[in-house]
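Peer 1: So that we are looking at the same thing, I have put the structure below in C-alpha cells.
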Amino acid sequence: MAELDGKKVAFLLTDGFEDSELTSPWGAVTDAGAQAQLVSPAEVKVTGKNGHEQRVDLAVGSADPDAFDALVLPGGVVNADNLRMDEDSVAFAKAFFQAHKPVSVICHGAWILIEADVVRDRKITSYPSLRTDLRNAGATWVDEEVVVDDGFVSSRTPDDLPAFNAKTVEEIAEGAHAGQHA
C-alpha cells in the first residue's frame, strides 16, 4: 500500500453507520500513515448499527474541509439517511469535490452525494437499492466491487472492503485529481 504520511482524512458519519465500513477503512488509512478524524453532526460519540462506538473529533458545522486531504463516507441506512438531511454535512462533502480531493464512499453512503449534486456524469457503484436514485441524479451506476473515477472511489457492501480500502489508500496517496468535480 502507498504511504500516507502527513495526510489527514475526514470520516463523515453519524449514528447508525455500518460498523465495518468505518473501522476497516479507518485502519487502512491509519496503517498507511494518515491521521484520521471523525467528523459528525453528533456531539460526543457515534454508535454503529452493530454497537461500535467512537468519539467524535470535530462537529461538522465547525469542521474546515480545507484542513483535510480526503473524505471517507461509510454507509449504513440510518447514518446515510440522516447525513443527507443535514445541511452542514452535505456542504462539507460537496467541498471535497469542489477542491478536487479524493472521496471514498461505500454502500448507502452515496445518498449524501446525491443531495450534494456531485454524482452527475460520474461512474459509481453502491448498495444495489441506490441504483435508481443514482441514475436519476445523473450518475452511471455499475455493479462492481470497486469503481474509481478520477479520485472518486465507490464500493457496494462490506464484502468489498479489501478492494475499497486498497483503492482509497491509493487515491489519497495520489492527491488532488483534476477530474474530481462538483
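The values are calculated or read from the model by the stated rules, or taken from the named source; none is laboratory data. This structure is a prediction, so every number in the text was calculated from the model and none was measured. Glycine gets a Cβ as well: all are built from the backbone with ideal geometry, and neighbour counts include every protein chain shown. Surface areas here come from the heavy atoms of the whole protein model, side chains and all, with no ligands, DNA or RNA. Shrake-Rupley method; radii C 1.70, N 1.55, O 1.52, S 1.80 Å.
Peer 1: Measure off 7 Å from each Cα along the Cα-to-Cβ vector at residue 78 and residue 150, then give the distance between these two points in nanometres to one decimal.
Peer 2: 3.7
Peer 1: Averaging sequence separations of C-alpha pairs under 8 Å and six or more residues apart, then dividing by the length of the stretch 1-91, give the relative contact order as a whole percent.
Peer 2: So the answer I get is 39 percent.
Peer 1: Shifting gears a bit: Which residue, 24, 104, 129, tops the fluctuation ranking in a GNM of the chain built on C-alpha contacts under 10 Å?
Peer 2: Of the options given, 129 has the highest mean-square fluctuation.
Peer 1: Something else: Can you list the HN-Hα couplings for the stretch 166-171, worked out from phi with the Karplus curve (6.51, -1.76, 1.60; θ = phi - 60°), rounded to whole Hz and with x for Gly and Pro?
Peer 2: Coupling constants for the stretch 166-171: 4, 6, 4, 4, 4, 5 Hz.
Peer 1: With +1 on each Lys and Arg Cβ and -1 on each Asp and Glu Cβ, how big is the dipole of the chain about its Cα centre, in debye rounded to the nearest 20?
Peer 2: Charge dipole, the chain, about its Cα centre: 240 debye, nearest 20.
Peer 1: Between (i) 14.2, 39; (ii) 19.5, 79; (iii) 28.7, 124, which matches Rg and Dmax of the Cα atoms in Å calculated for the structure shown?
Peer 2: Among (i) 14.2, 39; (ii) 19.5, 79; (iii) 28.7, 124, the one derived from this structure is (i).
Peer 1: How much length is gained if the chain between residue 174 and residue 31 is pulled fully straight, taking 0.36 nm per residue apart and subtracting their Cα-Cα distance, in nm to one decimal?
Peer 2: 49.8 nm
Peer 1: I would also like to ask the following. Sum up the lysine pairs in the chain that clear both bars: alpha-carbon distance under 16 Å and a spacing of 8 or more or different chains.
Peer 2: 5
Peer 1: Keeping all protein chains in position, work out how much accessible area residue 49 exposes to a 1.4 Å probe, and write it in Å² to the nearest 10.
Peer 2: The accessible area of residue 49 comes to roughly 130 Å².
Peer 1: Still on this structure, please answer the following. Considering amide H positions built from the backbone, and no H for Pro or chain starts, which residues 5 or more places from residue 153, or on another chain, come under 5 Å of its amide H?
Peer 2: 103, 104, 105
Peer 1: Another one. Just add up the charged neighbours of residue 126: K/R +1, D/E -1, any other residue whose Cβ is under 9 Å from the Cβ of residue 126.
Peer 2: Details: positive: 131, 156; negative: 133.
Summing Lys and Arg as +1 and Asp and Glu as -1 gives +1.
Peer 1: If I model a spin label as a point 7 Å beyond the Cα along the Cα-Cβ vector, how far apart are those points for residue 49 and residue 143 in nm?
Peer 2: It is 2.0 nm.
Peer 1: Of the DSSP beta bridges with both residues in the stretch 28-111, give the percent that are antiparallel, rounding to the nearest 5. Walk me through the numbers before you get to the answer.
Peer 2: Numbers: 3 of 8 bridges.
If we restrict to bridges inside the stretch 28-111, about 40 percent are antiparallel.
Peer 1: When the accessible area of the stretch 59-182 is split by element with a 1.4 Å probe, what percent falls to carbon and sulfur?
Peer 2: That share works out to 44 percent.
Peer 1: For the stretch 38-182, what is the percent of antiparallel DSSP beta bridges, rounded to the nearest 5?
Peer 2: On the way: 7 of 18 bridges.
About 40 percent, rounded to the nearest 5.
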